[in-house]
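A.B. asks: Here it is, the structure in full.
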Amino acid sequence: MIVALIIICEVGFWVLLAGGLALRYLAKMPRAGVAVLLMEPLLEVVLLVVTAVDLKNGAEPDWKHGLAAVYIGFTVAFGHRVIKWADARFAHRFAGGSAPVRPPKYGMARAVHEWKVAGRWMLGAGIAMGLLQVAIWYVGGDGDVGSLRMWQQKMRFVIGINAIIAGAYTVFPKREPVG
């Protein structure tokens, strides 16, 4: 049930995003578009509540509960950015907006960009780790929380990999081609 709800939330995110942007730019109803876009966080609240109720009703914590925490963490960290990204492209394509700004390709500007991206990944992983820890406390010593701890370990790995990637762009900045 949890995996199906995660899939429904992901599909719902894209449906609400497309609907909100269509209302905003194609139907020329910007307030209605914003209202639809503001409904997106409700999906994560529903997923959080259903996951908590599932654990409360005695379900053994497993990878599905961990995946729900990870999904919520990364949606919180990246959701607004994805909406801004899609909005810029939709505005450019359908409303005569300016072309979306591309990230820098070279030098320290690229390193700063990579640290910002890494920061979002780290934020998503941190939120997921926090939700996983709350779930561990919620279940208590009676349940097997090994799968939740495994997800926490994976989130530490995500943080480490992103720090290495951003650090590499800082230490070895990509140089602009000559000529």
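The values are calculated or read from the model by the stated rules, or taken from the named source; none is laboratory data. Predicted model only: the values in this text are computed from it and were never measured. No Cβ is skipped: glycine too gets one built from the backbone with ideal geometry, and neighbour counts run over all protein chains shown. SASA here: full protein model, heavy atoms, side chains in, ligands and nucleic acids out. Shrake-Rupley method; radii C 1.70, N 1.55, O 1.52, S 1.80 Å.
A.B. asks: With Cβ to Cβ distances under 14 Å as the rule, what net charge do the other residues near R93 carry (K, R +1; D, E -1)?
C.D. replies: Taking every other residue near R93 into account, the sum is +1.
A.B. asks: Dividing the Cα radius of gyration by the Kirkwood radius, what Rg/Rh value follows for the chain? Intermediate values should be presented prior to the final figure.
C.D. replies: Values: Rg = 19.6 Å, Rh = 18.4 Å.
Value, to two decimals: 1.06.
A.B. asks: Using the Cα centre as the reference, give the magnitude of the dipole from point charges on the C-beta atoms of the chain (Lys, Arg: +1; Asp, Glu: -1; all else neutral), rounded to the nearest 20 debye.
C.D. replies: About 1060 debye.
A.B. asks: Each residue of region 160-166 in order: what ³J(HN,Hα) in whole Hz does its phi give by Karplus 6.51 cos²θ - 1.76 cosθ + 1.60, θ = phi - 60°, with x for Gly and Pro?
C.D. replies: 3J(HN,Hα) across region 160-166, in whole Hz: x, 4, 5, 5, 5, 4, 5.
A.B. asks: For region 15-51, run through the trypsin sites (Lys or Arg not before Pro) and keep only the ones in DSSP coil with at most 11 other Cβ atoms within 10 Å of their Cβ. Kindly include the intermediate steps, with their values, before the conclusion.
C.D. replies: Values: sites: R24, K28, R31; in loops: K28.
In loop regions of region 15-51 (DSSP not H, G, I, E or B), the sparsely surrounded trypsin sites (Lys or Arg not before Pro) are K28.
A.B. asks: Can you pick out the pairs among K56/K84; K56/K154; K116/K154 whose Cα atoms lie more than 30 Å from each other?
C.D. replies: Cα-Cα > 30 Å for K56/K84; rest within.
A.B. asks: Counting only protein heavy atoms and a 1.4 Å probe, tell me what percentage of region 7-87's accessible area is made up of carbon and sulfur.
C.D. replies: 74
A.B. asks: Given +1 on the Cβ of Lys and Arg, -1 on the Cβ of Asp and Glu, and no further charges, what dipole in debye does region 42-88 carry about its Cα centre, rounded to the nearest 20?
C.D. replies: Rounded to the nearest 20 debye, it is 160 debye.
A.B. asks: Next up: Between L48 and T170, 0.36 nm times their residue separation minus their Cα-Cα distance comes to what?
C.D. replies: Net length gain for the segment: 40.2 nm.
A.B. asks: Could I ask something else about it? Using Cα atoms only, what is the angle between the long axis of helix 40-56 and the major principal axis of the chain, expressed in degrees (0 to 90) to the nearest 10?
C.D. replies: Tilt relative to the chain: about 20 degrees.
A.B. asks: I need the Debye-formula profile for region 124-179: one equal scatterer per C-alpha, no solvent, reported as log10 I(q)/I(0) at q = 0.12, 0.14, 0.19 1/Å, two decimals.
C.D. replies: Calculated log10 I(q)/I(0) at the listed q: -0.44, -0.52, -0.71.
A.B. asks: If the cut-off is 18 Å between C-alpha atoms, which aspartates and glutamates fall inside it for K174, apart from same-chain ones fewer than 8 positions away?
C.D. replies: E114
A.B. asks: Putting +1 on Lys and Arg Cβ atoms and -1 on Asp and Glu Cβ atoms, find which of V70, A111, V145 reaches farthest to the positive end of the dipole of the chain.
C.D. replies: Value: A111.
A.B. asks: Considering only DSSP states other than H, G, I, E and B, which chymotrypsin sites (Phe, Trp or Tyr not before Pro) in region 89-179 qualify as loop sites with at most 16 other Cβ atoms within 10 Å?
C.D. replies: Answer by residue number: Y106.
A.B. asks: Once you have the Kirkwood Rh of region 65-128 from its Cα pairs, apply Stokes-Einstein at 37 °C and 0.692 mPa s and quote D in µm²/s. Let's see the in-between values first.
C.D. replies: Details: Rh = 13.4 Å.
Translational diffusion coefficient: 246 µm²/s.
A.B. asks: List the trypsin sites (Lys or Arg not before Pro) within region 96-163 that DSSP assigns to loop and that have no more than 15 neighbouring Cβ atoms inside 10 Å.
C.D. replies: K105
A.B. asks: Another one. State in Å² the accessible area per residue of the chain; use a 1.4 Å probe, count heavy atoms of protein chains only, and round to the nearest integer. Write down the numbers at each step before the final one.
C.D. replies: Numbers: 10870 Å² over 179 residues.
Result: 61 Å² per residue.
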